[in-house]
Protein chains: 2
Amino acid sequence: MKTRDKIIQASIVLFNEQGERNVTTNHIAADLGISPGNLYYHFRNKEDIILSIYEEYARNLLIETMPEVNPDVKPLDAIILYMDVVFLAMMKFRFFYSNLPVLLAKNPLLHDKYVEVQGFIAQRVSELLLSLRNANMMDFLDEDLPDIVSILRLVNTFWLSFYQTQNNDNEMNDAVFYQGVLKILVIIQPYISDEAKDEFLEARAMYRQRCQDSLKVA
Amino acid sequence: MKTRDKIIQASIVLFNEQGERNVTTNHIAADLGISPGNLYYHFRNKEDIILSIYEEYARNLLIETMPEVNPDVKPLDAIILYMDVVFLAMMKFRFFYSNLPVLLAKNPLLHDKYVEVQGFIAQRVSELLLSLRNANMMDFLDEDLPDIVSILRLVNTFWLSFYQTQNNDNEMNDAVFYQGVLKILVIIQPYISDEAKDEFLEARAMYRQRCQDSLKVA
(Lines give C-alpha, C1' and ligand atoms only; values in the text may rest on other atoms or scores of the structure.)
Protein backbone atom coordinates (compact mmCIF):
# COMPACT_ATOMS: atom_id res chain seq x y z
CA MET A 1 0.00 0.00 0.00
CA LYS A 2 1.24 3.49 -0.79
CA THR A 3 2.17 5.71 2.16
CA ARG A 4 -0.66 8.09 1.30
CA ASP A 5 -3.22 5.28 1.51
CA LYS A 6 -1.66 3.95 4.71
CA ILE A 7 -2.04 7.40 6.29
CA ILE A 8 -5.70 7.51 5.29
CA GLN A 9 -6.43 4.01 6.61
CA ALA A 10 -4.61 4.61 9.91
CA SER A 11 -6.38 7.97 10.34
CA ILE A 12 -9.84 6.43 9.92
CA VAL A 13 -9.05 3.82 12.58
CA LEU A 14 -7.58 6.35 15.03
CA PHE A 15 -10.35 8.92 14.49
CA ASN A 16 -13.04 6.26 15.03
CA GLU A 17 -11.38 4.82 18.12
CA GLN A 18 -10.26 8.00 19.86
CA GLY A 19 -12.45 10.73 18.37
CA GLU A 20 -11.13 13.04 15.66
CA ARG A 21 -10.42 15.95 18.00
CA ASN A 22 -8.15 13.81 20.20
CA VAL A 23 -5.90 12.68 17.32
CA THR A 24 -3.10 14.88 15.93
CA THR A 25 -0.98 14.39 12.79
CA ASN A 26 1.88 13.44 15.14
CA HIS A 27 -0.23 10.61 16.57
CA ILE A 28 -0.97 9.36 13.07
CA ALA A 29 2.71 9.48 12.03
CA ALA A 30 3.75 7.69 15.26
CA ASP A 31 1.11 5.01 14.74
CA LEU A 32 2.55 4.27 11.28
CA GLY A 33 6.17 4.60 12.42
CA ILE A 34 6.85 7.37 9.88
CA SER A 35 8.24 10.86 10.48
CA PRO A 36 5.88 13.85 10.74
CA GLY A 37 7.81 15.27 7.75
CA ASN A 38 6.86 12.25 5.66
CA LEU A 39 3.21 12.73 6.60
CA TYR A 40 3.38 16.44 5.69
CA TYR A 41 4.83 15.45 2.30
CA HIS A 42 1.43 13.84 1.56
CA PHE A 43 -0.97 16.07 3.49
CA ARG A 44 -0.84 19.74 4.51
CA ASN A 45 -2.62 19.17 7.82
CA LYS A 46 -5.30 17.11 9.56
CA GLU A 47 -8.10 18.92 7.74
CA ASP A 48 -6.47 17.89 4.46
CA ILE A 49 -6.48 14.22 5.57
CA ILE A 50 -10.15 14.42 6.56
CA LEU A 51 -11.05 16.01 3.22
CA SER A 52 -9.23 13.21 1.37
CA ILE A 53 -10.98 10.56 3.46
CA TYR A 54 -14.33 12.07 2.63
CA GLU A 55 -13.53 12.41 -1.07
CA GLU A 56 -12.01 8.98 -1.61
CA TYR A 57 -14.16 6.84 0.65
CA ALA A 58 -17.47 8.38 1.61
CA ARG A 59 -18.07 9.66 -1.92
CA ASN A 60 -17.27 6.27 -3.49
CA LEU A 61 -19.29 4.39 -0.92
CA LEU A 62 -22.26 6.73 -0.93
CA ILE A 63 -22.45 7.48 -4.62
CA GLU A 64 -20.95 4.65 -6.63
CA THR A 65 -22.46 1.86 -4.58
CA MET A 66 -25.78 3.63 -4.12
CA PRO A 67 -28.50 1.63 -5.86
CA GLU A 68 -29.69 3.15 -9.09
CA VAL A 69 -33.34 3.17 -10.01
CA ASN A 70 -33.34 0.02 -12.09
CA PRO A 71 -36.27 -1.97 -13.52
CA ASP A 72 -34.52 -5.24 -12.58
CA VAL A 73 -34.46 -4.38 -8.87
CA LYS A 74 -37.65 -4.52 -6.84
CA PRO A 75 -38.25 -0.99 -5.50
CA LEU A 76 -38.43 -2.03 -1.87
CA ASP A 77 -35.22 -4.02 -2.23
CA ALA A 78 -33.61 -0.89 -3.68
CA ILE A 79 -34.57 1.19 -0.66
CA ILE A 80 -33.34 -1.50 1.75
CA LEU A 81 -30.09 -1.79 -0.21
CA TYR A 82 -29.77 1.99 0.04
CA MET A 83 -30.21 1.94 3.80
CA ASP A 84 -27.58 -0.78 4.12
CA VAL A 85 -25.16 1.38 2.11
CA VAL A 86 -25.87 4.52 4.10
CA PHE A 87 -25.58 2.81 7.47
CA LEU A 88 -22.46 0.91 6.42
CA ALA A 89 -20.86 4.25 5.51
CA MET A 90 -21.95 5.66 8.87
CA MET A 91 -20.33 2.76 10.68
CA LYS A 92 -17.09 3.00 8.70
CA PHE A 93 -16.82 6.79 9.13
CA ARG A 94 -18.43 7.15 12.51
CA PHE A 95 -15.89 9.78 13.59
CA PHE A 96 -17.16 11.88 10.71
CA TYR A 97 -20.86 11.60 11.56
CA SER A 98 -20.43 11.96 15.30
CA ASN A 99 -18.95 15.44 14.97
CA LEU A 100 -20.21 16.63 11.59
CA PRO A 101 -21.17 20.30 12.16
CA VAL A 102 -17.82 21.07 13.82
CA LEU A 103 -15.76 19.28 11.15
CA LEU A 104 -17.59 21.13 8.37
CA ALA A 105 -17.34 24.50 10.11
CA LYS A 106 -13.55 24.08 10.45
CA ASN A 107 -13.03 23.07 6.83
CA PRO A 108 -14.73 25.11 4.07
CA LEU A 109 -13.47 22.83 1.27
CA LEU A 110 -14.95 19.83 3.07
CA HIS A 111 -18.21 21.75 3.57
CA ASP A 112 -18.49 22.53 -0.16
CA LYS A 113 -17.77 18.92 -1.08
CA TYR A 114 -20.26 17.69 1.51
CA VAL A 115 -23.04 19.97 0.23
CA GLU A 116 -22.33 18.78 -3.34
CA VAL A 117 -22.46 15.08 -2.37
CA GLN A 118 -25.60 15.64 -0.27
CA GLY A 119 -27.33 17.26 -3.24
CA PHE A 120 -26.59 14.14 -5.25
CA ILE A 121 -27.87 11.88 -2.47
CA ALA A 122 -31.09 13.89 -2.05
CA GLN A 123 -31.68 13.52 -5.80
CA ARG A 124 -31.12 9.77 -5.66
CA VAL A 125 -33.41 9.30 -2.64
CA SER A 126 -36.14 11.31 -4.40
CA GLU A 127 -35.82 9.04 -7.44
CA LEU A 128 -36.04 5.95 -5.25
CA LEU A 129 -39.21 7.18 -3.53
CA LEU A 130 -40.76 8.17 -6.87
CA SER A 131 -39.97 4.72 -8.28
CA LEU A 132 -41.72 3.18 -5.25
CA ARG A 133 -44.74 5.40 -5.98
CA ASN A 134 -44.69 4.46 -9.68
CA ALA A 135 -44.70 0.80 -8.66
CA ASN A 136 -47.79 1.53 -6.50
CA MET A 137 -45.83 0.67 -3.37
CA MET A 138 -45.92 4.14 -1.84
CA ASP A 139 -48.26 7.07 -1.92
CA PHE A 140 -47.37 10.69 -1.15
CA LEU A 141 -48.07 14.15 -2.54
CA ASP A 142 -45.48 15.78 -4.81
CA GLU A 143 -45.42 18.79 -2.49
CA ASP A 144 -44.43 16.59 0.47
CA LEU A 145 -41.57 14.77 -1.28
CA PRO A 146 -38.77 17.30 -0.55
CA ASP A 147 -39.69 17.34 3.17
CA ILE A 148 -39.83 13.53 3.36
CA VAL A 149 -36.41 13.30 1.70
CA SER A 150 -34.99 15.92 4.09
CA ILE A 151 -36.34 14.07 7.12
CA LEU A 152 -34.85 10.77 5.92
CA ARG A 153 -31.46 12.42 5.34
CA LEU A 154 -31.58 14.22 8.68
CA VAL A 155 -32.35 11.00 10.58
CA ASN A 156 -29.64 9.10 8.67
CA THR A 157 -27.05 11.80 9.22
CA PHE A 158 -27.69 12.42 12.91
CA TRP A 159 -28.83 9.02 14.13
CA LEU A 160 -25.40 8.30 15.53
CA SER A 161 -25.14 11.70 17.25
CA PHE A 162 -28.63 11.22 18.69
CA TYR A 163 -27.73 7.77 20.00
CA GLN A 164 -24.56 9.15 21.59
CA THR A 165 -26.40 12.01 23.30
CA GLN A 166 -29.06 9.65 24.69
CA ASN A 167 -26.75 6.97 26.05
CA ASN A 168 -23.95 7.17 28.51
CA ASP A 169 -21.99 4.32 27.01
CA ASN A 170 -20.08 5.18 23.87
CA GLU A 171 -19.93 1.65 22.57
CA MET A 172 -20.92 1.25 18.96
CA ASN A 173 -22.24 -2.03 17.62
CA ASP A 174 -24.45 -3.29 14.82
CA ALA A 175 -27.54 -3.01 17.01
CA VAL A 176 -27.12 0.79 17.06
CA PHE A 177 -27.22 0.86 13.28
CA TYR A 178 -30.18 -1.49 12.96
CA GLN A 179 -32.06 0.72 15.41
CA GLY A 180 -31.35 3.59 13.01
CA VAL A 181 -32.66 1.63 10.04
CA LEU A 182 -35.80 0.84 12.03
CA LYS A 183 -36.36 4.58 12.60
CA ILE A 184 -36.15 5.14 8.83
CA LEU A 185 -38.71 2.37 8.28
CA VAL A 186 -41.09 3.98 10.79
CA ILE A 187 -40.87 7.26 8.84
CA ILE A 188 -41.61 5.50 5.54
CA GLN A 189 -44.33 3.19 6.86
CA PRO A 190 -47.34 5.57 6.71
CA TYR A 191 -46.68 6.14 3.00
CA ILE A 192 -46.57 2.44 2.10
CA SER A 193 -49.58 1.42 0.01
CA ASP A 194 -51.91 -1.37 1.10
CA GLU A 195 -50.67 -3.74 -1.60
CA ALA A 196 -47.04 -3.37 -0.46
CA LYS A 197 -47.84 -3.51 3.27
CA ASP A 198 -47.07 -7.21 3.72
CA GLU A 199 -43.73 -7.00 1.94
CA PHE A 200 -42.84 -3.90 3.94
CA LEU A 201 -43.77 -5.41 7.31
CA GLU A 202 -41.67 -8.45 6.40
CA ALA A 203 -38.66 -6.17 5.79
CA ARG A 204 -39.30 -4.38 9.08
CA ALA A 205 -39.53 -7.70 10.93
CA MET A 206 -36.23 -8.77 9.35
CA TYR A 207 -34.46 -5.65 10.63
CA ARG A 208 -36.03 -6.09 14.07
CA GLN A 209 -34.65 -9.65 14.10
CA ARG A 210 -31.20 -8.48 12.96
CA CYS A 211 -31.26 -5.85 15.69
CA GLN A 212 -32.14 -8.41 18.37
CA ASP A 213 -29.53 -10.86 17.08
CA SER A 214 -26.79 -8.25 17.22
CA LEU A 215 -27.86 -7.26 20.75
CA LYS A 216 -27.24 -10.86 21.78
CA VAL A 217 -23.77 -10.84 20.24
CA ALA A 218 -22.86 -7.46 21.80
CA MET B 1 -28.16 41.65 38.31
CA LYS B 2 -25.78 39.46 40.31
CA THR B 3 -22.33 38.81 38.85
CA ARG B 4 -23.10 35.11 38.50
CA ASP B 5 -26.18 35.86 36.37
CA LYS B 6 -24.28 38.44 34.33
CA ILE B 7 -21.64 35.80 33.53
CA ILE B 8 -24.33 33.38 32.39
CA GLN B 9 -26.09 35.96 30.20
CA ALA B 10 -22.85 37.19 28.61
CA SER B 11 -21.72 33.61 27.99
CA ILE B 12 -24.94 32.70 26.15
CA VAL B 13 -24.56 35.75 23.88
CA LEU B 14 -20.85 35.11 23.17
CA PHE B 15 -21.32 31.36 22.64
CA ASN B 16 -24.20 31.97 20.21
CA GLU B 17 -22.39 34.68 18.28
CA GLN B 18 -18.90 33.19 18.11
CA GLY B 19 -19.41 29.48 18.70
CA GLU B 20 -18.74 27.90 22.06
CA ARG B 21 -15.33 26.47 21.15
CA ASN B 22 -14.03 29.94 20.15
CA VAL B 23 -14.90 31.58 23.49
CA THR B 24 -12.66 31.23 26.57
CA THR B 25 -13.38 32.21 30.17
CA ASN B 26 -10.94 35.11 29.61
CA HIS B 27 -13.10 36.39 26.74
CA ILE B 28 -16.17 36.23 28.96
CA ALA B 29 -14.44 38.09 31.81
CA ALA B 30 -13.11 40.74 29.39
CA ASP B 31 -16.56 41.19 27.85
CA LEU B 32 -17.99 41.94 31.31
CA GLY B 33 -15.03 44.04 32.42
CA ILE B 34 -14.35 41.76 35.40
CA SER B 35 -11.14 39.95 36.36
CA PRO B 36 -10.68 36.26 35.47
CA GLY B 37 -10.29 35.69 39.22
CA ASN B 38 -13.77 37.11 39.83
CA LEU B 39 -15.19 34.77 37.17
CA TYR B 40 -13.41 31.78 38.76
CA TYR B 41 -14.96 32.73 42.11
CA HIS B 42 -18.35 31.86 40.55
CA PHE B 43 -17.44 29.06 38.11
CA ARG B 44 -14.65 26.47 38.10
CA ASN B 45 -14.27 26.51 34.29
CA LYS B 46 -16.14 26.92 31.02
CA GLU B 47 -17.77 23.48 31.35
CA ASP B 48 -19.16 24.61 34.70
CA ILE B 49 -20.71 27.70 33.06
CA ILE B 50 -22.28 25.58 30.30
CA LEU B 51 -23.71 23.15 32.86
CA SER B 52 -25.23 26.05 34.81
CA ILE B 53 -26.70 27.52 31.61
CA TYR B 54 -28.31 24.18 30.80
CA GLU B 55 -29.60 23.67 34.32
CA GLU B 56 -31.00 27.13 34.91
CA TYR B 57 -32.35 28.02 31.47
CA ALA B 58 -32.88 25.03 29.17
CA ARG B 59 -34.41 23.00 31.97
CA ASN B 60 -36.76 25.81 33.00
CA LEU B 61 -37.69 26.61 29.43
CA LEU B 62 -38.14 23.01 28.32
CA ILE B 63 -39.81 21.61 31.39
CA GLU B 64 -41.65 24.32 33.26
CA THR B 65 -43.11 26.01 30.19
CA MET B 66 -43.78 22.74 28.42
CA PRO B 67 -47.54 22.36 27.96
CA GLU B 68 -49.13 19.83 30.25
CA VAL B 69 -51.77 17.47 29.05
CA ASN B 70 -54.79 19.50 30.13
CA PRO B 71 -58.48 19.08 29.32
CA ASP B 72 -58.83 22.86 28.84
CA VAL B 73 -56.30 22.96 26.01
CA LYS B 74 -57.21 21.59 22.60
CA PRO B 75 -54.74 18.74 21.90
CA LEU B 76 -53.51 20.15 18.60
CA ASP B 77 -52.96 23.53 20.24
CA ALA B 78 -50.92 21.76 22.91
CA ILE B 79 -48.62 20.16 20.35
CA ILE B 80 -48.17 23.46 18.51
CA LEU B 81 -47.45 25.21 21.79
CA TYR B 82 -44.90 22.49 22.52
CA MET B 83 -43.16 23.02 19.19
CA ASP B 84 -43.01 26.75 19.82
CA VAL B 85 -41.39 26.09 23.21
CA VAL B 86 -38.86 23.61 21.80
CA PHE B 87 -37.88 25.78 18.88
CA LEU B 88 -37.69 28.89 21.05
CA ALA B 89 -35.26 27.03 23.32
CA MET B 90 -33.26 25.97 20.26
CA MET B 91 -33.03 29.57 19.09
CA LYS B 92 -32.00 30.89 22.51
CA PHE B 93 -29.38 28.16 23.06
CA ARG B 94 -28.30 27.59 19.50
CA PHE B 95 -24.65 27.24 20.55
CA PHE B 96 -25.74 24.27 22.61
CA TYR B 97 -27.67 22.48 19.86
CA SER B 98 -25.17 23.21 17.09
CA ASN B 99 -22.42 21.28 18.89
CA LEU B 100 -24.31 18.94 21.19
CA PRO B 101 -22.41 15.60 20.93
CA VAL B 102 -19.06 17.31 21.55
CA LEU B 103 -20.33 19.38 24.48
CA LEU B 104 -21.85 16.31 26.13
CA ALA B 105 -18.75 14.15 25.52
CA LYS B 106 -16.56 16.78 27.21
CA ASN B 107 -18.79 17.16 30.22
CA PRO B 108 -20.10 14.01 31.99
CA LEU B 109 -22.19 16.01 34.50
CA LEU B 110 -23.87 17.83 31.62
CA HIS B 111 -24.44 14.51 29.84
CA ASP B 112 -26.16 13.00 32.88
CA LYS B 113 -28.35 16.07 33.31
CA TYR B 114 -29.17 16.09 29.59
CA VAL B 115 -30.21 12.40 29.61
CA GLU B 116 -32.40 13.06 32.66
CA VAL B 117 -34.13 16.06 31.05
CA GLN B 118 -34.56 14.20 27.74
CA GLY B 119 -36.26 11.32 29.55
CA PHE B 120 -38.74 13.81 30.99
CA ILE B 121 -39.33 15.36 27.57
CA ALA B 122 -39.86 11.97 25.91
CA GLN B 123 -42.44 11.17 28.56
CA ARG B 124 -44.25 14.46 28.00
CA VAL B 125 -44.26 14.09 24.20
CA SER B 126 -45.67 10.56 24.57
CA GLU B 127 -48.45 11.92 26.77
CA LEU B 128 -49.24 14.66 24.25
CA LEU B 129 -49.48 12.17 21.38
CA LEU B 130 -51.62 9.83 23.47
CA SER B 131 -53.94 12.72 24.36
CA LEU B 132 -54.27 13.47 20.64
CA ARG B 133 -55.17 9.83 20.04
CA ASN B 134 -57.69 9.84 22.89
CA ALA B 135 -59.30 12.91 21.33
CA ASN B 136 -59.55 10.97 18.03
CA MET B 137 -57.20 13.41 16.36
CA MET B 138 -54.38 10.94 15.75
CA ASP B 139 -54.12 7.25 15.13
CA PHE B 140 -51.03 5.09 15.71
CA LEU B 141 -50.15 1.70 17.14
CA ASP B 142 -48.87 1.49 20.71
CA GLU B 143 -45.79 -0.37 19.47
CA ASP B 144 -44.89 2.53 17.14
CA LEU B 145 -45.20 5.28 19.78
CA PRO B 146 -41.63 5.09 21.19
CA ASP B 147 -40.16 5.26 17.67
CA ILE B 148 -42.37 8.20 16.67
CA VAL B 149 -41.36 10.06 19.85
CA SER B 150 -37.67 9.32 19.18
CA ILE B 151 -37.92 10.58 15.60
CA LEU B 152 -39.63 13.80 16.72
CA ARG B 153 -36.94 14.38 19.37
CA LEU B 154 -34.12 13.55 16.93
CA VAL B 155 -35.44 16.01 14.33
CA ASN B 156 -35.99 18.73 16.96
CA THR B 157 -32.54 18.24 18.46
CA PHE B 158 -30.56 18.11 15.23
CA TRP B 159 -32.59 20.32 12.93
CA LEU B 160 -30.19 23.21 13.51
CA SER B 161 -27.11 21.03 12.92
CA PHE B 162 -28.70 19.65 9.76
CA TYR B 163 -29.48 23.13 8.48
CA GLN B 164 -25.92 24.25 9.18
CA THR B 165 -24.40 21.26 7.36
CA GLN B 166 -26.61 21.81 4.30
CA ASN B 167 -26.07 25.54 3.93
CA ASN B 168 -22.92 27.52 3.50
CA ASP B 169 -24.24 30.62 5.21
CA ASN B 170 -24.28 30.46 8.96
CA GLU B 171 -26.99 33.05 9.40
CA MET B 172 -29.77 32.08 11.73
CA ASN B 173 -33.20 33.59 11.44
CA ASP B 174 -36.80 32.73 12.28
CA ALA B 175 -37.30 31.11 8.86
CA VAL B 176 -34.81 28.39 9.81
CA PHE B 177 -36.88 27.54 12.85
CA TYR B 178 -40.21 27.58 11.04
CA GLN B 179 -38.72 25.21 8.47
CA GLY B 180 -37.88 22.91 11.39
CA VAL B 181 -41.45 23.09 12.73
CA LEU B 182 -42.72 22.24 9.25
CA LYS B 183 -40.55 19.10 9.23
CA ILE B 184 -42.14 18.04 12.52
CA LEU B 185 -45.60 18.59 11.05
CA VAL B 186 -44.73 16.43 8.03
CA ILE B 187 -43.73 13.59 10.39
CA ILE B 188 -46.99 13.89 12.33
CA GLN B 189 -49.26 14.36 9.32
CA PRO B 190 -49.73 10.69 8.29
CA TYR B 191 -51.03 9.90 11.79
CA ILE B 192 -53.63 12.68 11.85
CA SER B 193 -57.16 11.28 11.72
CA ASP B 194 -59.61 12.32 9.01
CA GLU B 195 -61.72 14.36 11.43
CA ALA B 196 -58.71 16.44 12.52
CA LYS B 197 -57.24 16.83 9.02
CA ASP B 198 -58.71 20.28 8.34
CA GLU B 199 -57.56 21.72 11.66
CA PHE B 200 -54.11 20.21 11.12
CA LEU B 201 -53.72 21.52 7.57
CA GLU B 202 -54.75 24.95 8.85
CA ALA B 203 -51.93 24.81 11.42
CA ARG B 204 -49.48 23.68 8.75
CA ALA B 205 -50.58 26.52 6.45
CA MET B 206 -50.10 29.00 9.30
CA TYR B 207 -46.49 27.84 9.83
CA ARG B 208 -45.82 27.95 6.09
CA GLN B 209 -47.08 31.54 6.09
CA ARG B 210 -44.93 32.44 9.11
CA CYS B 211 -41.94 30.88 7.37
CA GLN B 212 -42.52 32.90 4.20
CA ASP B 213 -43.11 36.10 6.18
CA SER B 214 -39.84 35.69 8.07
CA LEU B 215 -37.97 35.00 4.80
CA LYS B 216 -39.20 38.42 3.59
CA VAL B 217 -37.92 40.13 6.74
CA ALA B 218 -34.54 38.31 6.61
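The values are calculated or read from the model by the stated rules, or taken from the named source; none is laboratory data. Predicted, not measured: the structure shown is a model, and the values here were computed from it. Backbone-built Cβ (ideal geometry, glycine too); neighbour counts: all protein chains shown. Protein only, heavy atoms only, side chains kept; ligands, DNA and RNA dropped before computing areas. Shrake-Rupley method; radii C 1.70, N 1.55, O 1.52, S 1.80 Å.
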Q. What percent do you get for the relative contact order of the range B:1-131 when only Cα pairs under 8 Å and 6+ apart count?
A. 26 percent
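Roughly speaking, to the nearest percent, how much of the range A:6-150's 1.4 Å accessible area is carbon and sulfur?
In the range A:6-150, the share of accessible area belonging to carbon and sulfur is 51 percent.
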Q. What's the FRET efficiency of A:N26 with B:N136 using the Cβ-Cβ distance as r and R₀ = 56 Å, to the nearest 0.05?
A. 0.30
Q) Going by a 1.4 Å probe on protein heavy atoms, which residues of the range A:167-212 end up with at least 30 Å² less accessible surface in the whole assembly than in their chain alone? A) A:N168, A:K183, A:V186, A:P190, A:Y191, A:R204, A:R208
**Q.** P(r) weight above 29 Å for the range B:46-217, C-alpha pairs, percent
**A.** 22 percent
(Q) Suppose all protein chains stay in the model; what accessible area per residue would a 1.4 Å probe give for the range A:47-217, in Å²? (A) 42 Å²
Q.
Heavy atoms of the protein only, probe of 1.4 Å, neighbouring chains included. What is the accessible area of A:H27 in Å², nearest 10?
A. 90 Å²
Q: Just tell me, in residue order, which DSSP H segments of chain A are both 20 angstrom or longer along the helix axis (alpha-carbon based) and at least 0.0 in mean Kyte-Doolittle hydropathy.
A: A:75-92, A:108-134, A:145-166, A:174-188
Q) Does a label point 7 Å from the Cα of B:N167, set along Cα-to-beta-carbon, have any residues of the range B:178-218 with amide nitrogen under 14 Å, and which are they? A) B:178-183, B:211-218
Q. Inter-copy label distances at A:G33, 7 Å along the Cα→beta-carbon direction, one decimal in nm, shortest first?
A. 6.2
**Q.** Relative contact order of the range B:1-43, defined on C-alpha pairs under 8 angstrom at six or more residues apart (%)
**A.** 36 percent
(Q) Taking a point 7 Å out from Cα toward Cβ as the label site, list the nm distances between A:Q18 and the same residue in every other copy, smallest first. (A) 2.9
Q. Tell me, what does the Kirkwood hydrodynamic radius of the protein assembly as shown come to in angstroms if you use every pair of distinct C-alpha atoms?
A. 23.5 Å
Q) For the pairing of chain A with chain B, what total accessible surface becomes buried, with a 1.4 angstrom probe, in square angstrom to the nearest 100? A) 3500 Å²
Q) Just how many pairs of Lys in chain A have C-alpha atoms closer than 26 Å, counting pairs that are eight or more places apart or on different chains? A) 18
Q: Rank B:D147, B:D139, B:D48 by mean-square fluctuation in a GNM of chain B with C-alpha springs under 10 angstrom and give only the top-ranked residue.
A: B:D147
Q) For the range B:41-61, list residues with backbone N below 20 Å from a point placed 7 Å from the Cα of B:V13 toward its Cβ? A) B:42-43, B:46, B:49-54, B:56-58
Q. For the range A:47-217, what's the relative contact order in percent, using C-alpha pairs closer than 8 Å and at least 6 residues apart?
A. 24 percent
**Q.** For chain A, built as a Gaussian network whose Cα springs stay under 10 Å, the top-fluctuating residue of A:G119, A:G180, A:G33
**A.** A:G33
Q. Which distance in nm do the two modelled labels at A:K74 and A:K6 give, with both placed 7 Å along the Cα-to-Cβ direction?
A. 4.7 nm
(Q) Just to be sure I understand the model, the point goes 7 Å from the Cα along the line to the Cβ. What's the resulting B:R208 to B:E55 distance in nm? (A) 4.6 nm
Q: Distances from A:A135 to the same position in the other copies: list them in nm, one decimal, shortest first, using label points 7 Å from Cα along Cα→Cβ.
A: 4.0
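Evaluate E = 1/(1 + (r/R0)^6) for B:S193 and A:D84, where r is the Cβ-Cβ distance and R0 equals 22 Å; express this FRET efficiency to the nearest 0.05. Working shown, then result.
Working: r = 35 Å, r/R0 = 1.57.
Once the sixth-power term is evaluated, E becomes 0.05.
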